[in-house]
Amino acid sequence: PDSEKFQGFAAGGSSPTLEAYTQEARQRWGDAIVDASHGRLAAMQAQGFDFQGAMNALYTRLADLRHGDPGAAEAQSAIAEWYVLLSRVGHYSPAAFKGLGQMYVEDARFTRNIDQFGDGLAVFLRDAMAIYAEALATE
């Protein structure tokens, strides 16, 4: 079910896979950033905000749009919501947001998880996120 697709991203979750991803994130971005992100997720969860549910809902909506134009108003509106949601967990410059979208395609783990919502969603996200990031950078 959709509710299980990204359960490893939930605050407080624990599994060998989650531990491996956490260790990889610590190596890439440092302990302070990872700890701050985990703290924000835990605080949202304590306040009753379902980050994972919000993420899954957005991915489901975006999957319905994935065969269309990633620059279309509806797609860009959903990507704007994705940017705002991610910004609740960490800071994303336009370049970092664009890079994240690229990672969705370059890292098979991301592609596999994202494409569970619909084949080709990772590529659509990459393209839509790049368009959104470029617009943000010119503001």
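The values are calculated or read from the model by the stated rules, or taken from the named source; none is laboratory data. Values in this document were obtained by computation on a predicted structure and should not be read as measured data. Every residue, glycine among them, receives a Cβ derived from its backbone with ideal geometry; neighbour counts consider all protein chains shown. Heads up: the accessible areas ignore ligands, DNA and RNA and are worked out on the full protein's heavy atoms, side chains in. Shrake-Rupley method; radii C 1.70, N 1.55, O 1.52, S 1.80 Å.
The simple Förster model, with R0 at 22 Å and r as the Cβ-Cβ distance, assigns Glu74 and Glu134 a FRET efficiency of 0.75.
Residues in the chain average 55 Å² of solvent-accessible surface per residue, probe 1.4 Å, ligands and nucleic acids excluded.
Mean separation of Cα pairs under 8 Å and 6 or more residues apart, divided by the residue count, gives the chain a relative contact order of 25 percent. Of the solvent-accessible surface of the chain, computed with a 1.4 Å probe over protein heavy atoms with every protein chain present, carbon and sulfur atoms account for 54 percent. Heavy-atom accessible area, probed at 1.4 angstrom with all protein chains present, ranks Arg28, Arg112 as Arg112, Arg28, highest first.
For an R0 of 41 angstrom, estimate the FRET efficiency from the Cβ-Cβ distance between His67 and Asp35 and round to the nearest 0.05. So, using R0 = 41 Å, E works out to roughly 0.55. Residues considered: Gly53, Gly30, Gly39. Largest GNM mean-square fluctuation over the chain, using C-alpha springs under 10 Å, is found at Gly30.
Accessible area per residue was computed with a 1.4 Å probe on protein heavy atoms; Asp69 scores about 100 Å². Dividing the summed -39500 (n - 2.57) terms of all DSSP H runs of n ≥ 4 by the residue count of the chain sets its mean residue ellipticity at 222 nm at -22500 deg cm²/dmol. The order of Asp127, Asp107 by accessible area, most exposed first and with a 1.4 Å probe, is Asp127, Asp107. Other residues whose C-beta falls under 12 angstrom from the C-beta of Pro70 contribute a net charge of -2, scoring Lys and Arg +1 and Asp and Glu -1. Once both labels are positioned 7 Å from their Cα atoms along Cα-to-Cβ, the gap between Glu106 and Arg88 label points is 2.8 nm.
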